[in-house]
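Notes for the one structure printed next.
The values are calculated or read from the model by the stated rules, or taken from the named source; none is laboratory data. Note that the structure is a prediction, hence the values are computed from the model and not measured. Glycine also receives a Cβ, built like all others from the backbone with ideal geometry; neighbour counts cover every protein chain displayed. Note: areas computed on protein heavy atoms with side chains; ligands, DNA, RNA excluded. Shrake-Rupley method; radii C 1.70, N 1.55, O 1.52, S 1.80 Å.
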Protein chains: 2
Amino acid sequence: MGDGVFETLHLRPSGPWLLQEHLDRLARSAALLDMPPPDPDVSGLSASDGALRIIYTRNLLHVGVSEIPEPVLRQRRDGIRVLSADLGVAAGRRPPWSLSAAKSLSYANNFAARRWAARQHADDVVWLSLEGYVLEGPTASIVWLAGDELGTVPWEEAAILPGITAAHLLSLAPSAGLRPVQRMITLPELAAADAIWFSSSLRGLAEVVSLDGEPRTRSPWTPRLLDLLGY
Amino acid sequence: MGDGVFETLHLRPSGPWLLQEHLDRLARSAALLDMPPPDPDVSGLSASDGALRIIYTRNLLHVGVSEIPEPVLRQRRDGIRVLSADLGVAAGRRPPWSLSAAKSLSYANNFAARRWAARQHADDVVWLSLEGYVLEGPTASIVWLAGDELGTVPWEEAAILPGITAAHLLSLAPSAGLRPVQRMITLPELAAADAIWFSSSLRGLAEVVSLDGEPRTRSPWTPRLLDLLGY
């Protein structure tokens, strides 16, 4: 009944990328579901460009390795067409048991959002709060570049999943001469940014090449930042 | 990943109770998830007081029969202690792909709400919309009696799951001299009602015997309505 948690990691020749960060988030997600901390042993796994999935429920701990699906590789290379949609949820008023910061297996809504986008010939959705703030994508964090500001949405304030790839990218921002910023942002502000990306473990960074039907010029920063992240 | 739908039915000596209604809802839930209509064959099953679960995902159609869990029977008999909580969701502003009317397998949030109640020595939760309206419980519809009004929440307006047991009960209301009403109701209005029940297939009607810590007098209508429903 979707009552478990999971993590997806990028499998590299050196092993699972950002392993400790993903294991920490898996344990935090489990705690939000009142589950004991899991202890998967995945450190010995590697691939040239693969996917590692850890699924943890009250009955099982499953580790699976697969290739990265072709559409994901294509989105990493060619970018994504994105639609915005109001989630009808207030960012600042989640219930006391909220699982918004847990990567739970209850993904029916996430998948439904992407099918809705696909029906309109788009690839993904940027979720907006009732107040008009940008939250996250169904399976990604939102990152933007505005001048020298490399920004992402603060997960606690927005009540979203803390993005591991986005946090790592922001930690590297100064080495690229950029200024890491976490702040709430409205859709018009986001649309005015120089570049927008969906960040996640397998896509790395997928550049938003159209937002609500408006084409966007591709940014010279996309290959630079993908390189910085080791993709 | 919680990307499927299900139904739970009350299994009686005469067979699965309200079978067509549950099969219709299963098909509607499936359609909301862009799945073809399922065709489970369960008409031959029966029990004196049992549970029938139909689980339908993109890969499987599973039918399971079990006993009704003892806590469920106890709640049907002794009632439930309920806490109210703001879901942080606007009833009137669900996203275009909303699964709020689908009985999906993504139940992590529903379970988390009940664990939150249990930590405070309560049995269940009544979810409120951002606007202050009563919505539903994690696994039940809300029904109330106020004078001769037997009420429940309109599922389309509230963007909740259409409750089959509640709808059936309301269809029988006139035979008990009661007036069936579907309307939005605030928490103070609900608290002022003569009786409140959580209705679902296995519990039938579980009377709310305390709401947010305030004890409530048991209603003489509880055994009458349970009898009317055939429990």
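Once fully extended, how much extra length lies between B:Ser171 and B:Ser46, figured as 0.36 nm per residue of separation less the alpha-carbon to alpha-carbon distance?
Details: separation 125, 0.36 × 125 = 45.00 nm, distance 2.43 nm.
Value of the extension gain: 42.6 nm.
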Q: Find the centroid of the Cα atoms in segment B:52-127 and in segment A:83-148, then give the distance between the two in whole Å.
A: 23 Å
Q) Which whole number gives the average, over all residues in B:99-107, of C-beta atoms from other chains lying within 10 Å of the residue C-beta? A) 5
Q) Lys/Arg Cβ at +1, Asp/Glu Cβ at -1, dipole of segment A:24-136 taken about the Cα centre: which of A:Val65, A:Val42, A:Leu32 is farthest positive-ward? A) A:Leu32
Q. Between A and B, buried accessible area summed over both sides at probe 1.4 Å, in Å² to the nearest 100?
A. 3000 Å²
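Kindly work out what percent of the DSSP beta bridges joining two residues of the protein assembly as shown are antiparallel, to the nearest 5. Kindly include the intermediate steps, with their values, before the conclusion.
Working: 73 of 97 bridges.
Given both bridge residues lie in the protein assembly as shown, the antiparallel proportion sits at roughly 75 percent.
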(Q) Rounded to the nearest 5, what % of DSSP beta bridges with both residues in chain A are antiparallel? (A) 75 percent
Q. What is the distance, in nm, between label points placed 7 Å from the Cα along the Cα-to-Cβ direction at B:Glu214 and at A:Asp34?
A. 2.6 nm
Q: Kindly give the distances from B:Leu172 to its copy-mates, label point to label point, with each label point 7 Å from Cα along Cα→Cβ, as nm values to one decimal ordered shortest first.
A: 6.4
Q. Ignoring ligands and nucleic acids, what accessible area does B:Phe111 show with a 1.4 Å probe (Å², nearest 10)?
A. 60 Å²
Q: Would you mind calculating the relative contact order of segment A:129-224 from Cα pairs under 8 angstrom and at least 6 residues apart, reporting the percent as a whole number?
A: 30 percent
Q | Distance (nanometres) between label positions extended 7 Å along Cα→Cβ at B:Glu131 and B:Arg77 | A | 4.1 nm
(Q) Once the label point is set 7 Å along the Cα-to-beta-carbon vector, what list of distances in nm do you get between A:Pro13 and its counterparts in the other copies? (A) 7.4
(Q) Given points 7 Å out from each Cα along the Cα-Cβ axis, report the A:Val65 to B:Arg93 separation in nanometres with one decimal. (A) 4.7 nm
Q) What order do you get for B:38-47, A:18-27, B:94-103, A:31-40 when each peptide is scored by the mean count of other beta carbon atoms within 10 Å, highest first? A) B:94-103, A:18-27, A:31-40, B:38-47
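Restricting to DSSP H runs of at least four residues, report the calculated mean residue ellipticity at 222 nm for the protein assembly as shown, -39500 (n - 2.57) per run over all residues, nearest 500 deg cm²/dmol.
Values: 14 runs with 123 residues, N = 462.
Using -39500 (n - 2.57) per qualifying helix, the result is -7500 deg cm²/dmol.
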Q) Counting only other chains, what is the mean number of Cβ atoms within 10 angstrom of the Cβ of each residue in peptide A:114-120? A) 2
Q. So what is the accessible area of segment B:4-68 per residue, in Å², with the probe set to 1.4 Å?
A. 49 Å²
Q: Starting from a label point 7 Å past Cα on the Cβ side, list the distances from B:Gly213 to the same position in the other copies, nm, shortest first.
A: 5.2
